[in-house]
Structure formats: structure tokens, C-alpha cells
């Protein structure tokens, strides 16, 4: 398989949604089967040529001619093909990027949000469709990237690949994350934060913004600045030592 088997983020989104429609089919399996049928790169135009019978044969592989049962219903196959065609995939499902993810300006941090739809924190680390990446400072936030997880899921260790996908971020917000996956995220230099109830991404980030001016110890360590709460204790100690 090519290092970049998927030609665009739109194509990646279609494939991820199709895998979900196919009863949560492993994306690696679907990517491998699509690549064998369509060859790389997998483009929106190529995906748009597939029929329900094509997809049935792709899933059946070498046993297609024997009428192999592929483990999903005809309705699921139809839904998956519609996803691959781009039908039902809202044009605004990927929010507009507001700037380049170049360097991290002083006083700001880069934050990833596990997302499935629009601009929301509504994903689990190991199964979300994409990560929204924001640059956040005390008085501003901007979306600097939308990163599909489809190619990461095609790797042998998908959690390590997902962690590598956001290794330029300091924090990742997720609805949930397992212990082994969290260890890989931390190893990549990213601090996972669980918010089980999720919510609008910018609402979650607004709560974070309020802490940036006077960060608690865990956030100060990430930002590389002195913690405000610890600074107060240090000031009291210095005052006592000077009397």
C-alpha cells in the first residue's frame, strides 16, 4: 500500500463513514480491499464509481464467486456505498480551517479535540473520525487543522499512529480513552483530558482559556510557565524568610 493511499480528507471521511456503516468494519480491512479494487490513490472520483455489488465482492474477497456471506445486510451495503459516493456527508461536516498550524506562539498551546461530526467534542480517542486541532491563547482560539484518522487506523498499531497524528499538540480532549492508548498518547508528549459528556469544541476550549492566565500546576507544566498557585506559596515563603 502507498504511504498516502487516500487522496484527500473528503475521501478519508467517506471511507471512515462507510466502515462505520458496515457494522464497524476495521478500516485497515476496508482500505486494503478498496486499494486492491481501485488502486492508489483512493480519490473521491474512484469511490464514486463503486456499486453495491462491487462492495459486496470487495468484502467477500477470494470467495466472491462462491456467494460468500459478507456479514452485513444489504441495507448496510447500500448505506456504505452512499457514504463512499459522498451522499449524506454534509459539506460543512469538516469545519473551515482558520490558519496554518505552523509554530506555537508564546503564551498559547495547541489542543486536539476528538470529533466525529462538525465542530464538537463527541469522539473516543480510539474510534473518532478526526481530530480538530486548535491554537489557544488567553484571548484567542483558531482552528488550525482537521486531521482524519482513517490512515492512522490502517497502521498495525492504530493507537500509536493516532497519537503520532497529534504529537504537535500539548493536550487532547476525548470523551474516553483506554489505559494502553493513554500511555501511548503521553509517550507522544500529549496530555489526555477526558470529558465524558463532550460538548461544543469551542465551549470546551473557552473553559480552558479561563485557566491559561493563571494556570493550575498540571497546565503550567504543559505550558512551561510557573504555576500561579505555586507562585503564591513561594511568595509567602520568601516573605516569611525575609522577616
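Suppose R0 equals 22 Å; then what is the FRET efficiency for residue 75 and residue 37 from their Cβ-Cβ distance, rounded to the nearest 0.05? Can you show the working numbers first?
Numbers: r = 22 Å, r/R0 = 0.98.
With a Förster radius of 22 Å, E is 0.55.
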Fewest-first sequence of 43, 149, 49 by Cβ atoms within 10 Å of each Cβ | 49, 43, 149
Convex hull projection area averaged over all views, the stretch 109-212, Cα basis, nm² | 5.7
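Would you work out the relative contact order for the stretch 9-85, in percent, from Cα pairs under 8 angstrom that are 6 or more residues apart?
Numbers: 73 pairs, mean separation 35.5, N = 77.
RCO, the stretch 9-85: 46 percent.
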Put a dot 7 Å past each Cα toward the Cβ at residue 142 and residue 195; how far apart are the dots in nm?
-> 2.2
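Need the full-extension length gain, residue 161 to residue 87, defined as separation in residues times 0.36 nm minus the C-alpha distance. One decimal, nm.
Working: separation 74, 0.36 × 74 = 26.64 nm, distance 2.86 nm.
Difference between extended and current length: 23.8 nm.
Quick note: the coordinates plus some simple rules give every number you see, no bench work behind them. Computed from a predicted model, the values in this text were never measured in an experiment. Backbone-built Cβ (ideal geometry, glycine too); neighbour counts: all protein chains shown.
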